[in-house]
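Here's the structure we're looking at; comments come further down.
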């Protein structure tokens, strides 16, 4: 089993009610797969914060980090990794 911590900022953090743990009964897991699992927990507009269902990808404007290192969504994950999804900030 692979367990990873998932955290974000902004509206996505609110939609998930804070940090969550993703546990998958598998021997291998990519970042893209883990994010799809998190996206499956969300509905409607909240889901579109994270996923582009038309393209079946992660939203292009999102930055991804694993253990505080910037990565792409094909990154392989290890048990205990910390995924951080960085949403764009707006304001003035």
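For the reader, a short list of remarks on this structure follows.
- Once both labels are positioned 7 Å from their Cα atoms along Cα-to-Cβ, the gap between residue 7 and residue 60 label points is 3.0 nm.
- Across the chain, the relative contact order, built from alpha-carbon pairs under 8 Å that are at least six residues apart, equals 39 percent.
- Percent of beta bridges antiparallel (DSSP, the chain, rounded to nearest 5): 80
- Highest-MSF residue in the chain out of 34, 65, 26 [GNM, Cα springs under 10 Å]: 26
- If R0 is 25 Å, the Cβ-Cβ spacing of residue 41 and residue 72 corresponds to a FRET efficiency of close to 0.65.
Values quoted throughout were computed directly from the atomic coordinates according to the rules given, and no laboratory measurement underlies them. Just so it is clear, the model here is predicted, and its values are computed rather than measured. Cβ atoms come from the backbone with ideal geometry, glycine included; neighbour counts cover every protein chain shown.
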